[in-house]
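S.K.: I am attaching a structure below and will ask some questions about it afterwards.
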Amino acid sequence: MIARIKTLAATALVASALAGPALAAGEVEIPKQDWSFSGVFGTFDRASLQRGFQVYQNVCASCHALKHVAYRNLVQLGYNEDEIKAIAAEKEVRDGPNDEGEMFNRPAKPSDRFVSPFANDEAARASNGGALPPDLSLIVDARVGGANYLYAVLTGYKDAPADVKIPDGMYYNASFTGSQIAMPPPLFPDGVTYGDNTPATIAQQAKDVSTFLAWASEPNLEQSKRTGVMVILFLLVFTGLLYATKRKIWASVH
Amino acid sequence: MAAKFENSIVRWIDHRLPIFTFMHHELHEYPTPKNLNYWWNFGSLAGIALVIMLISGITLAMHYTPHVDYAFDSVERIMRDVNYGWLIRYIHMNGASFFFIVVYIHIFRGLYFGSYKAPRELLWMLGVVIMLLMMATAFMGYVLPWGQMSFWGATVITNLFSAIPVVGESIVTWLWGGFAVDNPTLNRFFSLHYLLPFVIIGVVVLHLVALHRFGSNNPLGVDIKSAKDQIPFHPYYTVKDAFGLGVFLIVFSAVVFFAPNFFGEPDNYIPANPLVTPAHIVPEWYFLPFYAILRSIPDKLGGVLFMFGSIAVLFILPWLDRSPVRSGQFRPIFKIFFWILVVDVVALTYFGGKPAEGWYVIGSRFATAYYFIHFLLVLPLLSIFETPRQLPKSISEPVLGGGAGLAGAATAPRENDR
């Protein structure tokens, strides 16, 4: 059940009038996917989160940083402390100065943020033909369409139509604004081997990594929705009582 | 009249510092028209929204770093590492939108029921001052997270002042504290964003003093004539306001917990980059009507003048609408034009969020023109040519039919000349 909607409708008609996400003519339609985390009671599918993390580690992390997320946050994905220590220790961080005043390298700890693949933006550009791979910590919040957009771009690589000329170093992507993207197609069938034997199709990998990055953007989404349900239930009862009180007090006036 | 307090400590304090008498006078026995409808809830709601913004904002300031290199990251630290930081920040972020929703409804209520008319002109004008202060505060607050829209919004809006002849450029440099929106700009915006809400409190106090001088207007727009027309503020309006607050909090919570980025702009989750201009620079939704007016004038200075003019006409509104009848209920033609104005402002909001091209430009020009025509032409002419319907003799007459007594709720008439 994929509802075709315009990117405009992603924020609903009222929002477009109010919040006014301006869209240029010729922007692409982003199909809406079913996400485990959408809806009032939505939660992140843990298995999908772990698979998505695997895709990020094996594919995205070679170019894209995730600097607002710490290794310790992976506990929310269902990893235990030892697993997280092992994941962190695969990377090295620059630390110091030590007692001798020297900077030194050490394995990353759970308290460290995800180690970025490049030392700085200039190094990232130099390795990527001038294009800067954006940090992915907030990518779902920072794009109109959110996870739907991410999924659409990751699955949007196609052969360019005959009349479209794609310059060297660029790739055709039907879902990307302008249809030209500097990122080479990142996902391939069975490009990763999932531990839980889920078939690693491009669509499956795109779905999983989008789920993982939605979590990275809003790690408090589950707590927010849980709290929200209780707050609103309380307020409904409380406001109902206030209404009854109001009726009783005003009875003598009407 | 001094109230009698049972508690001897309260009596001791009140004798020396009559704050309890004051509170009793202004919050308890304060005589209020008995026919206020739910549109009158939005004044107290605005006050509560201000308190919500102050508390959440002061808490955020404890964790925020006003520096171009750290501001964005410090906000993310609040979102991820500060206990319930995400909740505090989402409350503050959406609280701004809800504050404006409540205040805009409050203003349109005043427009429809003629609450700006004598003797409440200053009350109305103080309200317009509060709105202006809110806008300045909200604009500077939006800059603080230092995202793309923060930076480019600040650049566009501060650049408006360059339209002023001769001294414009100097003023912009002075506002920025440099030759571009940069760290000094962020620092002063943070300082002023923290200061202005307390200025708002001051003006709100004046707004309330002016309100309590003659008491609330009411849906019929006729003055309180006798004790039958009024009821004490407490418990009648305290409980009604409390119920309204409950409804408000349900809607507010729904957005904060389930769609916290509904009013937001995705681009503001991208750190500010002076080298990359976003495809469309859009202000927050509550500025869109004014933004539409600004862009609808082909000349920069003209646009700025019309934008500020759209608020200036509100200042002189009490002298534009000379009709002696306050309430729109008794003004058959005014009523129609009021709703046209509502549609017009919604249209301006819509056009403000669209790119300034093609049909949108034409639409926003018509909407801008009508906005000014409404205040400068329609209202003055209506004051002359409109025949209002017959006003009721008093508030209690249409409500109770025969003017039956209300012994239980009646209080002494308000002493207006205290």
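The values are calculated or read from the model by the stated rules, or taken from the named source; none is laboratory data. Since the model is a prediction, treat every value here as computed from it, not as a measurement. A quick note on method: Cβ atoms are made from the backbone with ideal geometry, for glycine too, and the neighbour counts reach across all protein chains shown.
S.K.: Restrict the check to region B:349-364 and report whether at least one residue is more than 30 Å from residue B:393 (Cβ to Cβ), more than 14 Å from chain A (Cβ to nearest Cβ), buried (at least 20 other Cβ atoms within 10 Å of the Cβ) and not basic (Lys, Arg).
M.R.: No; the residues of region B:349-364 include none that is more than 30 Å from residue B:393 (Cβ to Cβ), more than 14 Å from chain A (Cβ to nearest Cβ), buried (at least 20 other Cβ atoms within 10 Å of the Cβ) and not basic (Lys, Arg).
S.K.: Name, by its number, the condition in (1) in contact with a Gly (Cβ under 7 Å, 6 or more places away or on another chain); (2) crowded, with 18+ Cβ neighbours inside 10 Å; (3) more than 14 Å from every other protein chain (Cβ to nearest Cβ); (4) at pLDDT below 95 that does not hold for residue B:394.
M.R.: Failing condition for residue B:394: (1).
S.K.: Against the conditions (1) surrounded by fewer than 19 Cβ atoms within 10 Å (Cβ to Cβ); (2) in contact with a Cys (Cβ under 8 Å, 6 or more places away or on another chain), where does residue A:124 fall short? Just the number, please.
M.R.: Exception for residue A:124: condition (1).
S.K.: Within region B:198-218, identify whether any single residue is of a type in the set (Lys, Arg) and either under 17 Å from residue B:115 (Cβ atoms) or more than 14 Å from chain A (Cβ to nearest Cβ) (or both), and answer yes or no.
M.R.: yes
S.K.: Which of the numbered conditions does residue A:232 fail, given that it passes all the others? Conditions: (1) within 10 Å of chain B (Cβ to nearest Cβ); (2) under 29 Å from residue A:126 (Cβ atoms); (3) in contact with a Ser or Thr (Cβ under 9 Å, 6 or more places away or on another chain).
M.R.: Exception for residue A:232: condition (2).
S.K.: Of the residues that sit in region A:193-220 and are more than 20 Å from residue A:156 (Cβ to Cβ) and more than 11 Å from the chain's Cα centre (by Cα), which one is nearest to the other protein chains (Cβ to nearest Cβ)?
M.R.: Top of the filtered list is A:220.
S.K.: Now for a different question. Take the residues in region B:267-293 that are surrounded by fewer than 20 Cβ atoms within 10 Å (Cβ to Cβ) and touching a residue at least 60 places away in the same chain (Cβ under 8 Å), then tell me which one is nearest to the other protein chains (Cβ to nearest Cβ).
M.R.: My answer is B:280.
S.K.: Could you say which residue among B:395, B:384 is farther than 30 Å from residue B:295 by Cα, touching a strand residue (DSSP E or B) at 6+ places or on another chain (Cβ under 8 Å) and of a type outside the set (Asp, Glu)?
M.R.: Details: B:384 fails: touching a strand residue (DSSP E or B) at 6+ places or on another chain (Cβ under 8 Å).
It is B:395.
S.K.: Ok, one more. Out of B:244, B:264, report the one residue that is buried (at least 21 other Cβ atoms within 10 Å of the Cβ), in contact (Cβ under 8 Å) with a residue 40 or more places away in the chain and within 21 Å of residue B:105 (Cβ to Cβ).
M.R.: Residue meeting the stated conditions: B:244.
S.K.: Which condition number does residue A:240 fail, the rest of (1) at the interface with chain B (Cβ under 9 Å from one of its Cβ atoms); (2) outside any helix (DSSP H, G or I); (3) loosely packed, with under 13 Cβ neighbours inside 10 Å being met?
M.R.: (2)
S.K.: Answer yes or no: is there a residue in region A:154-172 that is in a loop (DSSP other than H, G, I, E, B), within 14 Å of another protein chain (Cβ to nearest Cβ) and in contact (Cβ under 8 Å) with a residue 24 or more places away in the chain. Please lay out each step first, then the result.
M.R.: Kept after step one, since they are in a loop (DSSP other than H, G, I, E, B), are these residues of region A:154-172: A:155-156, A:158-170.
Filter once more, so that each one left must be within 14 Å of another protein chain (Cβ to nearest Cβ): none.
No, region A:154-172 contains no residue that is in a loop (DSSP other than H, G, I, E, B), within 14 Å of another protein chain (Cβ to nearest Cβ) and in contact (Cβ under 8 Å) with a residue 24 or more places away in the chain.
S.K.: Restricting to region A:67-86, name every residue that is touching a helix residue (DSSP H, G or I) at 6+ places or on another chain (Cβ under 6 Å) and at negative phi.
M.R.: Across region A:67-86, the qualifying residues are A:68, A:69, A:71, A:74, A:77, A:84.
S.K.: Now for a different question. In region B:219-255, what count of residues is obtained for those that are assigned to a loop (DSSP other than H, G, I, E, B) and facing chain A (nearest Cβ under 10 Å)?
M.R.: 0
S.K.: Given region A:1-102, what helices (runs of 4 or more DSSP H) lie entirely inside it while holding 3 or more residues that are closer than 23 Å to residue A:152 by Cβ and modelled with pLDDT of 95 or more?
M.R.: On the way: elements: A:12-18, A:46-58, A:81-89.
Per the criteria, A:46-58.
S.K.: Yes or no: region A:143-157 includes at least one residue that is over 16 Å from the mean Cα position of the chain (by Cα) and surrounded by 15 or more Cβ atoms within 10 Å (Cβ to Cβ). Please lay out each step first, then the result.
M.R.: Keep residues of region A:143-157 that are over 16 Å from the mean Cα position of the chain (by Cα), which gives A:156-157.
This time we only want the ones that are surrounded by 15 or more Cβ atoms within 10 Å (Cβ to Cβ), so: A:156-157.
Checked region A:143-157: at least one residue is over 16 Å from the mean Cα position of the chain (by Cα) and surrounded by 15 or more Cβ atoms within 10 Å (Cβ to Cβ).
S.K.: So, one more: Tell me, please, whether a residue that is crowded, with 16+ Cβ neighbours inside 10 Å and part of a loop (DSSP other than H, G, I, E, B) can be found in region A:195-204.
M.R.: Here is the first cut: in region A:195-204, the residues crowded, with 16+ Cβ neighbours inside 10 Å are A:200, A:202, A:204.
Those left that are additionally part of a loop (DSSP other than H, G, I, E, B): A:200.
Yes, region A:195-204 contains at least one residue that is crowded, with 16+ Cβ neighbours inside 10 Å and part of a loop (DSSP other than H, G, I, E, B).
S.K.: Something else about it: Tell me the helices (runs of 4 or more DSSP H) entirely within region B:1-98 that contain at least 2 residues that are within 30 Å of residue B:248 (Cα to Cα) and in contact with a strand residue (DSSP E or B) (Cβ under 9 Å, 6 or more places away or on another chain).
M.R.: Here the list reads B:71-80.
S.K.: A further question on this structure: Answer yes or no as to whether residue B:328 is more than 20 Å from the chain's Cα centre (by Cα), within 24 Å of residue B:159 (Cβ to Cβ), buried (at least 16 other Cβ atoms within 10 Å of the Cβ) and away from chain A (no Cβ under 14 Å).
M.R.: On the way: more than 20 Å from the chain's Cα centre (by Cα): yes; within 24 Å of residue B:159 (Cβ to Cβ): no; buried (at least 16 other Cβ atoms within 10 Å of the Cβ): yes; away from chain A (no Cβ under 14 Å): yes.
No: the conditions fail for residue B:328.
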